Amino acid sequence: MTAIDAGPTGALRVAPSILAADFGELAQAVRAIDAQTDWLHVDVMDGHFVPNVSIGPPVVQSLRRYSTRFFDCHLMMSEPARYLEAFSRAGADGCTVHVEVGGTASLISDARALGLRIGLAANPDTAFDRVAPFLGDIDLLLLMTVFPGFGGQSFMGEVMTKVTEARREVDANALALDIEVDGGIDVVTAPIAVEAGANVLVAGSAIFASPVPLDAARELHEAASAVRR
């Protein structure tokens, strides 16, 4: 399957997380916010790396028919290497793996061989030093602003120090790397994250739990964009 272009590195993007959508009407939920969607964020949880389970390649494949957006798949899994090919075949455009599971260099190589855009994620309590050696080899750095596993958690502002450190390294070395944040992102916290150096904002409950998700996504765009003017 031909991958969808992620767009220019460093551009400000809102990536609605379907984890917070109504799974009974997932296609309709995705279509309803399409006009304010840059990337579509797909949270994959295995019940082992995180204490929850969500979706897998079959859902990605089904959803692919209803969206032409870049599919940003976040693999919260203990053994992502076993599933990279399945996600690629299902229609994922980018896959993000966690540095905490180890084997990072091999995972990056495997994803590249499949034509995937590759991201590396770090939990809130994981030191920046763990991801720093790989910044020149990846396309996206995801710095979690909650502990992964469940939606609707509160934003952890202390992670912004790590976001700023990452932005400093990316800019100093002219790296083609997006910095993404995920967890508790809304119209209040999005500008804080952008000010710290993030350019991709994952938002679930703030969008899909809103009475009018399309308006919520638009307001998030506007709040984040105001910082960049």
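Out of the residues in segment 149-182 that are farther than 27 Å from Ala113 by Cα and in contact (Cβ under 8 Å) with a residue 40 or more places away in the chain, state the one that is surrounded by the most Cβ atoms within 10 Å (Cβ to Cβ).
Lys162
Do you know which residues across segment 39-55 are of a type in the set (Asp, Glu) and touching a Leu at 6+ places or on another chain (Cβ under 6 Å)?
Of the residues in segment 39-55, the ones of a type in the set (Asp, Glu) are 43, 46.
If the condition is that a residue be of a type in the set (Asp, Glu) and touching a Leu at 6+ places or on another chain (Cβ under 6 Å), then Asp43 is the only one that fits.
Before we move on, is Ala226 in contact with a helix residue (DSSP H, G or I) (Cβ under 7 Å, 6 or more places away or on another chain), under 28 Å from Asp110 (Cα atoms), aliphatic (A, V, I, L, M) and assigned to a helix (DSSP H, G or I)? If you could, list the steps in order and put the result at the bottom.
Working: in contact with a helix residue (DSSP H, G or I) (Cβ under 7 Å, 6 or more places away or on another chain): yes; under 28 Å from Asp110 (Cα atoms): no; aliphatic (A, V, I, L, M): yes; assigned to a helix (DSSP H, G or I): yes.
No.
Taking segment 154-207, which residues are of a type in the set (S, T, N, Q) and modelled with pLDDT of 95 or more? Lay out the reasoning, then the answer.
The first filter runs over segment 154-207 and keeps only residues of a type in the set (S, T, N, Q), leaving 154, 161, 164, 173, 189, 199, 205.
Thr161, Thr164, Asn173, Thr189, Asn199, listed by residue number.
Working only within segment 45-59, note down all residues that are in contact (Cβ under 8 Å) with a residue 40 or more places away in the chain and aliphatic (A, V, I, L, M).
Correct list: Met45, Val50.
Among the residues of segment 66-89, which ones are surrounded by 15 or more Cβ atoms within 10 Å (Cβ to Cβ), touching a residue at least 60 places away in the same chain (Cβ under 8 Å) and either in contact with a helix residue (DSSP H, G or I) (Cβ under 6 Å, 6 or more places away or on another chain) or of a type in the set (Ser, Thr, Tyr) (or both)?
Within segment 66-89, just Ser88 meets the criteria.
The values are calculated or read from the model by the stated rules, or taken from the named source; none is laboratory data. Given the structure is predicted, the values throughout are model-derived calculations rather than measurements. Heads up, the Cβs are rebuilt from the backbone with ideal geometry, glycines too, and the neighbour counts pull from every protein chain shown.
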